[in-house]
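Undergrad: Structure incoming, see below.
Any read-out appearing in this document is the output of simple, stated calculations on the displayed coordinates, not a laboratory observation. Everything quoted here is computed from the prediction, not taken from an experiment. Methodologically, a virtual Cβ is constructed for each residue, glycine included, from the backbone with ideal geometry; neighbour enumeration extends over all protein chains shown.
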Amino acid sequence: MPADTMDVAHVIQLAIAPVFLLSSLGTFMAVLSTRLGRIVDRSRLLITRLESTQEDARRANLTTELTLGHHRRRLVNFAITAATMAALLICLLIAVAFIGSLLGWATNSVVAVLFVLAMGAYITSLLAFLREVLLASRVAELDRH
């Protein structure tokens, strides 16, 4: 193989790990999207129940659950935003690696920074997801009382 072809083949090999990371991010974002849909559906149901309930104690419980649902929705939206940022950074990382290889640029530092930023965004997304799951557990406790 010519040297140029070998260089491109090497860059493709190096891009495989970020592609797997993109795949995991896509799966994770699908989970987040599903959770967001369930939160929105639950909120609509609670609003309907709140409008038809006259009992003060029941209205207070519904209002509390609606408030927690609002916080959960914000956390999931934040997690989706951070995961999307991570995916965009990984795409940029792959593009920089290819362009740098084709043009003969030294992109090691840029690729490293992009990877660290992508991991930071992914970690942020996971932490927001964890917080949302813990908040969902509180909502489940409310349902039992």
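Undergrad: Among 95, 68, 112, which residue has its Cα positioned farthest towards the positive end of the charge dipole of the chain, with +1 placed on the Cβ of Lys and Arg, -1 on the Cβ of Asp and Glu, and the dipole taken about the Cα centre?
TA: Farthest towards the positive pole: 68.
Undergrad: Mind listing the phi-derived Karplus ³J(HN,Hα) values for segment 93-104, rounded to whole Hz, using 6.51, -1.76 and 1.60 with θ = phi - 60°, and x for any glycine or proline?
TA: After applying 6.51 cos²θ - 1.76 cosθ + 1.60, I find 4, 5, 4, 4, 4, 5, 5, x, 5, 5, 9, x Hz.
Undergrad: When volume of the Cα convex hull per residue in Å³ is calculated directly from the model, which label among (1) 92; (2) 256; (3) 111 fits?
TA: (1)
Undergrad: Roughly what angle does helix 3-52 make with the longest principal axis of the chain, taking Cα atoms, 0 to 90 degrees, to the nearest 10?
TA: Approximately 10 degrees, to the nearest 10.
Undergrad: To make sure I understand, if each residue's beta carbon is the centre and we count other beta carbons within 10 Å, what order do 78, 20 fall in, fewest to most?
TA: Listed from fewest to most nearby Cβ atoms, that is 20, 78.
Undergrad: Suppose each label sits 7 Å from its Cα in the direction of the beta carbon; what would the residue 106-residue 24 distance come out to in nanometres?
TA: Modelled inter-label distance: 3.1 nm.
Undergrad: So if each residue of separation counts as 0.36 nm, and I subtract the Cα-Cα distance between residue 130 and residue 41, what length gain in nm does that give?
TA: Residue separation times 0.36 nm, minus the Cα-Cα distance, leaves 30.0 nm.
Undergrad: Let me ask you something else. Using the number of other C-beta atoms within 10 angstrom as an exposure proxy, rank 47, 39 with the fewest first.
TA: Numbers: 47 13, 39 23.
In increasing order of surrounding Cβ atoms, one gets 47, 39.
Undergrad: Between residue 71 and residue 51, what length in nm is gained on full extension when 0.36 nm per residue of separation is reduced by their alpha carbon distance? Don't skip to the end; give the middle numbers.
TA: Details: separation 20, 0.36 × 20 = 7.20 nm, distance 2.08 nm.
This chain segment gains 5.1 nm when fully extended.
Undergrad: Net charge around residue 79, counting only other residues with Cβ within less than 12 Å of its Cβ (Lys, Arg = +1; Asp, Glu = -1)?
TA: That sum, taken over residues with Cβ under 12 Å, equals +4.
Undergrad: Hey, quick one: spin label on residue 58, modelled 7 Å out along Cα-Cβ, who in segment 106-145 has an amide N within reach, i.e. under 18 Å?
TA: Zone members listed by number: 142-145.
Undergrad: Would you compute, from DSSP H runs of 4+ residues alone, the mean residue ellipticity of the chain at 222 nm, taking -39500 (n - 2.57) per run and dividing by the full residue count, rounded to the nearest 500? Spell out each step's value before the answer.
TA: Numbers: 3 runs with 135 residues, N = 145.
Here the helix-only value at 222 nm equals -34500 deg cm²/dmol.
Undergrad: Also: Sorted from fewest to most neighbouring beta carbons within 10 Å, what does the list 89, 32, 102, 46 look like? It would help to have the intermediate numbers written out before the result.
TA: Working: 89 21, 32 24, 102 12, 46 17.
By the 10 Å Cβ count, ascending: 102, 46, 89, 32.
Undergrad: Using a simple charge model, +1 on the beta-carbon of Lys and Arg, -1 on the beta-carbon of Asp and Glu, nothing else, what dipole does segment 3-144 show about its Cα centre, in debye to the nearest 20?
TA: 560 debye
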